Amino acid sequence: MAHPAANLFLDRLSELPHFENIQEVQSLVDQHGVSVSLVQAIVDRRFAPKETVCRLWADSLERAYVDPFASVITDEAISRFPIEIAKRANAIALYVIDGVLTVAMSTPEDSDLLARLGEIARMPISPVFALPKDIEDAIVIQYASDHRLERSLRELEKSSLFADPQLAHEKIAQLAETDELVSVVDEILHFALRERATDIHIEPQDTLSRIRLRVDGKLREVLTYGRTLHKTLVSRLKILANLNGTEPRFPQEGQFSVSVGNASAYFNLVTLPTPHGEKLVATAIPGGQHRPMLTLDKMGIAQTIIGSLKALLHAPTGLFCFTGPSGSGKSTTWYATLHELNKSDLSIVTIEEPIELSMEGVTQLEVNRSIDLKPTNLLRSALRQDPDVTAISELRDVETAKVAVDAATTGHRIVTTFSANNALQAVQRLRALLGDTGSLDAALTGIFAQSLVGKICEHCKESYVPSPQILGRHFQDYEMANPQFYRGLGCPECRGTGYRGQIALHELLPITEEVRTLVREDRSAGEIARAASKVGYRPMRHDGLKKVLLGLTTIEEIERNTSFEWDA
Ligand SMILES: [Zn+2]
């Protein structure tokens, strides 16, 4: 059903700068008419950026466009329609404001459907446009709830199939393929995705097994289930990841994906033997279809830092390092950087272990230790091709570090990540790793460090006046009249924690001639910091305090996560 104004869409589309697919679009129009399925087809074929196409379509319908994966979706809104209605109407409720329910729909112009949804929800509806496939995918994830999952697990436990704890391996493998079990495992994974979990822990204990999720860096127990189910659940996940199901005694590692409507989410699975049986940890691999590549400009990096960072990254030779503790998102920043460099006419080769995100136009090499594709070998062969940028996903061993430093001092540009808590510690650790050999000081151009802290929940945020003691401790060098701090009171959106999501704190250590000399002479972190502060270096804590004043995080998070060893 075409909206009267829908032809506007085709006109605007063909007027887009550099739009080259008018012919192809015309033949799609013959197939689909001017309808939402035409919009989906244009997006699927990547004739223009998704957001642009969707906005043009929404404009022609005089509605707003919303990506359900980027929008707030509340439990209250989800509870307004049963899943069957949401699927049939291809609509997902997003949130309620002032008694009006905002609903993302593929056909927001369908007034009959709107009226029916309004009756079901028993409140007025404000429709916005979203792509049909995105709505389908969002329904799969948003309707996964802990209650629903618990109900499914309880039903399985009651089933006589799983009653015998001494089942033979073949029997367990068979059970692992039954529809009931497959769907429970899918529910666990969908629920984890919905909760934005980065890890899923499935752990056998004395009498029960439990499932815990890591959300925003903190582990939280979701539910427990009877031990009789455990082996079959483990078996199902091991089958998914192609692991040896008959071997519970040794740790194993593999990858698997789970379909989420039309898209897939990827996980890394590690199995660990424990006295009670096998423990599983599934870690979400970022970069699934619904996680667009972040750009440096969208990472919340302070203006004062990002300008210098870009300048350092464009230096034609030398070693640039991204650092941070594990789980600080440094590899996301590393990818964003390559994405940025990839925009210009540079040849880029990466050495990764494993490849987490594929990048068009970049030659990505993957380490495989079992067939002797070690990082050093790959790095040497990459350098032989003389790319403009050689990127190493992580410097771990001495050998690779030496080759990288040598290359950086002989005309190559190397961009890598390295594990350390902050930039100054990275200098010390790199120096320790290389020992007396290698000329780290000559190679380094800069170190960018980051660390993640909790973001205050927007739904229960309040401001308060900090005590004079706290101000004295952190802001003695600053003149401030009546500063305000913020905190989260705790609400259902943040499960009472006061935090929802995380933000990164950053610092940039540019290696100037003076710093270079200090590194060569093995001088202290304090001396290096003082020299670097002349060109704008400020420790991460400084960035943290700014973000406290901006209301993004709390002073407690800064105290917990940044060190006070050296005062700027
Ligand atoms: Zn809250």
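The values are calculated or read from the model by the stated rules, or taken from the named source; none is laboratory data. Note that the structure is predicted; figures quoted are calculated from it, not measured. Positions of Cβ are backbone-derived with ideal geometry, glycine not excepted, and every protein chain shown enters the neighbour counts.
Below is a table of values for the structure above.
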quantity	calculated
All positions within the stretch 336-355 that are touching a residue at least 12 places away in the same chain (Cβ under 8 Å) and closer than 23 Å to Ile306 by Cβ	Ala336, Thr337, Leu338, His339, Glu340, Leu341, Asn342, Leu346, Ile348, Thr350
In the stretch 507-516, residue nearest to Glu559 (Cα to Cα) [restricted to those that are outside any loop (DSSP other than H, G, I, E, B) and touching a residue at least 40 places away in the same chain (Cβ under 8 Å)]	Glu507
Residue selected from the stretch 293-320 under the condition of a type in the set (Gly, Ala, Ser) and touching a residue at least 60 places away in the same chain (Cβ under 8 Å), by the criterion nearest to Val453 (Cα to Cα)	Gly300
Tally of residues being in contact with a Pro (Cβ under 8 Å, 6 or more places away or on another chain) and in contact (Cβ under 8 Å) with a residue 24 or more places away in the chain across the stretch 235-254	2
Verdict on Gly496 being within 14 Å of Ile456 (Cα to Cα), without any contact (Cβ under 8 Å) to a residue 24 or more places away in the chain and either out of contact with any Asp or Glu (no Cβ under 6 Å at 6 or more places or on another chain) or surrounded by fewer than 17 Cβ atoms within 10 Å (Cβ to Cβ) (or both)	yes
Selection status of Thr224, more than 20 Å from the chain's Cα centre (by Cα) and not in a helix (DSSP H, G or I)	yes
Any hit, the stretch 384-397, residues being in a helix (DSSP H, G or I) and free of Cβ contacts under 8 Å to residues at least 60 places away in the same chain	yes
Scan of the stretch 101-154 for residues that are among the acidic types (Asp, Glu) and under 26 Å from the mean Cα position of the chain (by Cα), ordered by number	Asp134, Glu136, Asp137, Asp146
Enumeration of residues in the stretch 438-469 that are more than 30 Å from Glu521 (Cβ to Cβ), surrounded by 15 or more Cβ atoms within 10 Å (Cβ to Cβ) and of a type in the set (A, V, I, L, M)	Leu452, Val453, Ile456
Qualifying position, being outside any strand (DSSP E or B) and surrounded by fewer than 16 Cβ atoms within 10 Å (Cβ to Cβ), among Glu119, Glu109	Glu119
Hits in the stretch 483-506 - residues which are more than 16 Å from the ligand (Cβ to nearest atom) and part of a strand (DSSP E or B)	Phe485, Ala504, Leu505, His506
Failed item in (1) without any contact (Cβ under 8 Å) to a residue 60 or more places away in the chain; (2) farther than 26 Å from Glu51 by Cβ, with Asp75 passing the rest	(1)
Odd one out for Ile211, checked against (1) crowded, with 20+ Cβ neighbours inside 10 Å; (2) part of a helix (DSSP H, G or I)	(2)
Selected residue (only one of Ser259, Ser326, Ser370 is modelled with pLDDT under 85 and part of a strand (DSSP E or B))	Ser259
Considering residues of the stretch 450-477 that are of a type in the set (A, V, I, L, M, F, W, C) and either free of Cβ contacts under 8 Å to residues at least 24 places away in the same chain or not assigned by TED's automatic domain parsing to the domain that holds Ala302 (or both) only, the residue farthest from the ligand (Cβ to nearest atom)	Leu471
Ser331 vs. criteria outside any loop (DSSP other than H, G, I, E, B) and closer than 23 Å to Gln255 by Cβ	yes
Residues of the stretch 548-561 classified as out of contact with any helix residue (DSSP H, G or I) (no Cβ under 8 Å at 6 or more places or on another chain) and assigned to a helix (DSSP H, G or I), total	4
Test: residue in the stretch 48-67 that is of a type outside the set (S, T, N, Q), surrounded by fewer than 16 Cβ atoms within 10 Å (Cβ to Cβ) and more than 16 Å from Ala130 (Cβ to Cβ)	no
Members of the stretch 210-228 that are in contact (Cβ under 8 Å) with a residue 40 or more places away in the chain and touching a Leu at 6+ places or on another chain (Cβ under 6 Å)	Arg220, Val222, Tyr225
Of all residues making up the stretch 523-568, the number that are over 24 Å from the mean Cα position of the chain (by Cα) and at pLDDT below 90	7
Residue check for Leu378: of a type in the set (A, V, I, L, M, F, W, C), more than 13 Å from Arg413 (Cβ to Cβ), surrounded by 14 or more Cβ atoms within 10 Å (Cβ to Cβ) and more than 22 Å from the chain's Cα centre (by Cα)	yes
Criterion (in the same structural domain as Thr417 (by TED's automatic domain parsing) and surrounded by fewer than 18 Cβ atoms within 10 Å (Cβ to Cβ)) met by exactly one of Gly277, Gly318, Gly327	Gly327
Test result for Ala529, away from the ligand (no atom under 16 Å from the Cβ), small (Gly, Ala, Ser), touching a residue at least 60 places away in the same chain (Cβ under 8 Å) and part of a helix (DSSP H, G or I)	yes
Evaluation of Val519 against (1) touching a strand residue (DSSP E or B) at 6+ places or on another chain (Cβ under 9 Å); (2) more than 16 Å from the ligand (Cβ to nearest atom); (3) not in a helix (DSSP H, G or I) (one fails), failing number	(3)
Given (1) surrounded by fewer than 16 Cβ atoms within 10 Å (Cβ to Cβ); (2) closer than 30 Å to Met123 by Cα; (3) in contact (Cβ under 8 Å) with a residue 12 or more places away in the chain, number of the condition Pro82 does not satisfy	(3)
